[in-house]
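The structure appears below as structure tokens.
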Amino acid sequence: MAWDFESDRPIYTQLLEKIQQMIISGKYQPGDRLPSVRDLSTEAEVNPNTMQRALQELERQGLVYSQRTSGRMITDDIVLIKAMKQKVAIEYMKKFLGTMKELGFSKAEIIELLSDMNSE
Amino acid sequence: MSDFLLEARGVSKLFGNKTALDNFSIRIGRGKLVGLLGPNGSGKSTFIKLCNGLLQPSSGEILIDGKSIGIETKKIVSYLPERTYLDNGMSPKDYIQYFSDFYEDFDPKKANEMLGNLKIDPEQKLKTMSKGTKEKVQLILVMSRNAKLYLLDEPIGGVDPAARDYILNTIIRNYNPEATVVISTHLITDIEPVLDEAIFIKDGQLVLYMPVDDIREREGKSVDALFREVFRC
């Protein structure tokens, strides 16, 4: 099943985000081996060079690392994964708060709504 | 070794007084999946036929791996025509033998493996196969060569979505950093994430040649959306 992409942004960025998400959500566990570029790009139905670029960026961020003989592995650094998770969550929250602000909600109202939803 | 795998220098092609290709220049690198995108009659097939020597340019020249089009370039170019040339009386097995005799770079093991994946019987005569199955057989033969340049003229035009997925998967799976695949089509959405670069061609002229993600970055829209703008009727 091909992965879905939004049409208004580079595919590279979206690949990067999707794989980041699979790492921080635990679909890929710390220390797991990542599928090869060929397998990943076949699964996603994307260009192998674009996939390669996304994986190199993940390497730069430290989320994955290369092992000469066995391909790419997910980092064992749980602290780093947690920090990335936090960072992504904050980005989502900012987007959410922006939308709520546009709808005319104050911070207090948002918090109230959220805690109401929680108790339902 | 030339830096570019495929180079066209001011290529024009006239059919009578009709200009099919108009001073067309381009330089395409190695290890790229390239979409040759344009509406019907824009010159896509003409360019592909010039690249494999089925047509001669009226002016200008084309170089593949630094060589003029001829026997040497035919050895390294694998071509999927718009319409299949396969003979109905033959079977895939016959064609595997034929291609093995004809092309030094043909890999019969690869071909048999792909036939197996698609559950196509190598002994079955082509005349008893559906149009889509025949197209798959043709694509398998073309992709089973270890060529440097693959020229695929409308490979996803007439096939169902499952076959389309298989074709795109085959192209991705066979990716080789030394080889370039040029895919002509007007169905862009399906193929866009698979491409490194897009060529827009209109009335035989080059409109744009750019990496797909650069288009998306710069325009804030997909190649498909940009195509619809550029080629609005």
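The values are calculated or read from the model by the stated rules, or taken from the named source; none is laboratory data. Remember, it's a predicted structure, so these values are computed and weren't measured experimentally. Reconstructed Cβ throughout: ideal geometry from the backbone, glycine too, with neighbour counts over all protein chains shown. Heavy atoms of the whole protein, side chains included, go into the accessibility calculation; ligands, DNA and RNA do not. Shrake-Rupley method; radii C 1.70, N 1.55, O 1.52, S 1.80 Å.
Remarks
- Scan of the range B:107-116 for residues that are farther than 18 Å from B:Y85 by Cα and touching a residue at least 12 places away in the same chain (Cβ under 8 Å), ordered by number: B:D107, B:P108, B:K110, B:N112, B:M114, B:L115
- Only one of A:Q21, A:Q61 that is closer than 22 Å to B:P193 by Cβ and away from every other protein chain (no Cβ under 14 Å): A:Q21
- Residue satisfying condition, being touching a strand residue (DSSP E or B) at 6+ places or on another chain (Cβ under 7 Å) and of a type outside the set (F, W, Y), within set A:S25, A:S41, A:S70: A:S70
- Test set (1) in a helix (DSSP H, G or I); (2) under 23 Å from A:A89 (Cβ atoms); (3) open to solvent by 40 Å² or more (accessible area, probe 1.4 Å); (4) touching a residue at least 24 places away in the same chain (Cβ under 8 Å) - A:R60 fails condition number: (4)
- B:P155 being within 14 Å of chain A (Cβ to nearest Cβ) and within 25 Å of B:N52 (Cα to Cα): no
- Residues in the range B:158-195 that are within 13 Å of chain A (Cβ to nearest Cβ) and touching a Pro at 6+ places or on another chain (Cβ under 7 Å) were compared, and the one that is surrounded by the fewest Cβ atoms within 10 Å (Cβ to Cβ) is B:Y175.
- Matching residues, the range B:203-233, being closer than 23 Å to B:A8 by Cα, within 13 Å of another protein chain (Cβ to nearest Cβ) and open to solvent by 70 Å² or more (accessible area, probe 1.4 Å): B:D214
- Sole exception among (1) surrounded by 16 or more Cβ atoms within 10 Å (Cβ to Cβ); (2) at the interface with another protein chain (Cβ under 10 Å from one of its Cβ atoms) for A:A54, by number: (2)
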